[in-house]
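The values are calculated or read from the model by the stated rules, or taken from the named source; none is laboratory data. Nothing here was measured: the structure is a model prediction, and the numbers come from that model. Note that we place each Cβ from the backbone using ideal geometry, even for glycine, and neighbour counts take in every protein chain shown.
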Amino acid sequence: MRVDVKICGVTRMVDRDAAIEGGARWLGFVFYPPSPRALSPEAAAALVQGRPGTAEAVGVFVDPDDAWLDAVLARVPLDVIQLHGQETPERVAAVKVLTGRRVMKALSVADDGDVARHAAYRETADLLLFDAKPPKVPGAIPGGNGLAFDWRLLAGRTIDLPWLLAGGLDEANLQDAVELTGARAVDVSSRLETAPGIKDPERVARLLQRARDIASLSV
């Protein structure tokens with residue numbers, strides 16, 4: 001059982017390289033200014049262009065308008081667009097047409113109804129991401145809060161698209177999360193940081209090693 005990993009909120013070359021060397025499938029770059037992990041297109045381009053290996057570059061956006069998508073893509077060769085806001089299925093379809101990229105739609109989860117919303121995106125999204133709802137405090141960002149939802153909500157579910165599990169994941173709980181939900185791909189961010197936006201390359205390496213260990217145990 002292979003467990004693919006997305007290391008999200010990459011802001012530094014050393015963290016990018018640790019993710020690539022550890023075998024991450026995706027690298028996430030945030031283009032949402034309120035986030036402490038946000039990058040300018042110029043800064044992101046330096047991390048994305050010329051990177052070694054095959055890890056795909058994912059641009060994380062929150063309810064972006066067309067102009068912002070165009071501005072980022074003019075500088076940054078992204079492979080996937082992640083929409084982490086309130087985007088409707090119609091908006092997801094429009095973004096696919098506008099950008100020519102695959103689209104990953106994030107869904108914020110607190111209860112069974114939130115998980116069920118995934119069905120509305122089966123015809124428009126290429127991938128889904130299930131994340132915990134943000135805390136109800138002023139200025140909370142949609143993701144990267146280190147919070148987990150009740151993983152039992154995904155246990156035994158048939159999800160119609162490839163999907164990733166996100167929210168509060170780290171080396172210690174990764175195996176439990178994968179075994180309970182059946183996730184074959186995960187998104188990890190804040191639990192790998194020494195400060196908001198600053199990854200610890202050693203934590204990144206250990207998390208990716210843990211993912212490989214889980215895969216080997218299931219053979």
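Within the bounds of region 158-165, is there any residue that is crowded, with 21+ Cβ neighbours inside 10 Å, in contact with a helix residue (DSSP H, G or I) (Cβ under 6 Å, 6 or more places away or on another chain) and either within 29 Å of D213 (Cβ to Cβ) or not polar (S, T, N, Q) (or both)?
Yes: one or more hits.
For region 1-17, name all the residues that are more than 14 Å from the chain's Cα centre (by Cα) and buried (at least 23 other Cβ atoms within 10 Å of the Cβ).
D15, R16 - these are the residues of region 1-17 that are more than 14 Å from the chain's Cα centre (by Cα) and buried (at least 23 other Cβ atoms within 10 Å of the Cβ).
Identify, please: which residue in region 52-87 is among the hydrophobic types (A, V, I, L, M, F, W, C) and assigned to a helix (DSSP H, G or I) and is, among those, nearest to P34 (Cα to Cα)?
It comes out as W68.
Please pick out the residue among L98, L69, L73 that is at pLDDT 95 or above, surrounded by 19 or more Cβ atoms within 10 Å (Cβ to Cβ) and not polar (S, T, N, Q).
Exactly one of L98, L69, L73 is at pLDDT 95 or above, surrounded by 19 or more Cβ atoms within 10 Å (Cβ to Cβ) and not polar (S, T, N, Q), namely L69.
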